[in-house]
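The values are calculated or read from the model by the stated rules, or taken from the named source; none is laboratory data. Just so we're clear, the structure is a prediction, and the values are computed from it rather than from any experiment. Glycine also receives a Cβ, built like all others from the backbone with ideal geometry; neighbour counts cover every protein chain displayed.
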Number of protein chains: 2
Amino acid sequence: MKQSVGAKTLLFPTPVLMVGSYDHAGKPNIMNAAWGGICCSEPPCVTVSLRKARHSFNAILERRAFTVGIACEGKMAEADFCGIASGSATDKFAVAGLTPVRSDLVDAPYAEEFPVVLECRLLQTIELGIHTQFIGEIVDVKGDPEVFGADGQLDIMKIKPLVYDPSHQGYHGVGPLLGKAFSVGKELKTSAVLKNRINQNQAS
Amino acid sequence: MKQSVGAKTLLFPTPVLMVGSYDHAGKPNIMNAAWGGICCSEPPCVTVSLRKARHSFNAILERRAFTVGIACEGKMAEADFCGIASGSATDKFAVAGLTPVRSDLVDAPYAEEFPVVLECRLLQTIELGIHTQFIGEIVDVKGDPEVFGADGQLDIMKIKPLVYDPSHQGYHGVGPLLGKAFSVGKELKTSAVLKNRINQNQAS
């Protein structure tokens, strides 16, 4: 029997997304967001949710662009700092020792030090409550040469992305591969096909 | 220098969400979705994105309700099966050996075997492209007694949620705690305050 925890934002896992933008003065800013995810395959889209008080909020609205960097184990303190400090008072890139790189595709910067970045064009915003959801079309994904596997694809075990635990406000890593999707459930699928055939035979 | 991968849905990590609903005939159905995440803290909201062809699509629209179970390491094959089979042809709960439980708060079922479930009232749908985003208000979160820690909170290391890798279609686990959020970046925050004071003193 399951026990109630109440109406809370408890999802496992959530990501640690480093959202890059230029403010009205052209200063690069970067914040840490765990509320987001992929929301569409075609066009490829990603969401991040921001409070209106965030310095990044108007920055993204004005330039209709943002980037999403993937926080990694080796840059945990830097990623966390970007969620504590405010870009209105601080040059977060400078203090955290992060290098702002201007996207060649959208009007937003990203930090060179995070191994993967999604460059996004703002498609729409959805007012939800204390958060506004920003939906961005992913116009490109870029990765450091070190995080590609021998097959030429991004390798999650080389990226070492952070996982955020909203229950205890903890950062975790990603463990090794346990199984392949669209594969480990096939045995059950086969048994389902067989059961359907048996049912149809019994019915006919 | 980062290398381009193209405009793809590559985010790390993404979750493995088990979306429960009743269809028009009242049959419980459950599907596997990696496109989703938390999108608002107050009201607490979660998103899942579905294609129109999915059996769950109209089911959720009709009853304005769904559940989100957290797939876990011990139920990987069952979770994967729910992403391979279609509820239109198969009783996925029966074939996968999952037990449908009627939510006492929303008009949707969940599988008893996944350790955590979010019960959701459909707030709105957003048309994005081949996916439609369903935004649900989380009216309660429930967990098995075994996945609570000594502090009475849900424990991610007991839940053992699956992580989905969209680059290689792999399921991974979550590693141990690496650091606490709003904490491990504090040292940089302190140095930022000091730098600001030095700058102000120099300017004055």
Let me spell it out: the conditions are (1) free of Cβ contacts under 8 Å to residues at least 60 places away in the same chain; (2) under 19 Å from A:LEU11 (Cβ atoms); (3) among the β-branched types (Val, Ile, Thr), and B:ILE135 meets all of them except one. Which number is the exception? (1)
I want to confirm something. Restricting to region A:102-122 and keeping residues that are at the interface with chain B (Cβ under 8 Å from one of its Cβ atoms) and not charged (D, E, K, R), which single residue is surrounded by the fewest Cβ atoms within 10 Å (Cβ to Cβ)? A:VAL117
Is there a residue in region A:51-65 that is over 20 Å from A:GLY173 (Cα atoms), of a type in the set (Phe, Trp, Tyr), more than 9 Å from chain B (Cβ to nearest Cβ) and buried (at least 24 other Cβ atoms within 10 Å of the Cβ)? no
Those residues of region B:128-151 that are over 18 Å from A:SER4 (Cβ atoms) and of a type in the set (Gly, Ala, Ser) come to a total of 2
Which one of B:ALA77, B:ALA85, B:ALA71 is among the hydrophobic types (A, V, I, L, M, F, W, C), at pLDDT 95 or above and buried (at least 20 other Cβ atoms within 10 Å of the Cβ)? B:ALA71
Being at the interface with chain B (Cβ under 7 Å from one of its Cβ atoms), assigned to a helix (DSSP H, G or I) and either exposed (fewer than 13 other Cβ atoms within 10 Å of the Cβ) or of a type outside the set (Gly, Ala, Ser) (or both) is the requirement here; does A:LYS195 meet it? yes
Just name the residue that is surrounded by the fewest Cβ atoms within 10 Å (Cβ to Cβ) out of those in region B:88-101 that are part of a helix (DSSP H, G or I) and facing another protein chain (nearest Cβ under 10 Å). B:ALA94
Can you tell me which residues in region A:169-183 are part of a loop (DSSP other than H, G, I, E, B) and surrounded by 17 or more Cβ atoms within 10 Å (Cβ to Cβ)? A:ALA181
So if I check each of A:ASP140, A:ASP165, A:ASP151, which one is at the interface with another protein chain (Cβ under 7 Å from one of its Cβ atoms), of a type outside the set (A, V, I, L, M, F, W, C) and surrounded by fewer than 21 Cβ atoms within 10 Å (Cβ to Cβ)? A:ASP140
Can you pull out the residues in region B:109-132 that are in contact (Cβ under 8 Å) with a residue 24 or more places away in the chain, of a type in the set (A, V, I, L, M) and under 19 Å from A:PHE134 (Cβ atoms)? B:LEU123, B:LEU128
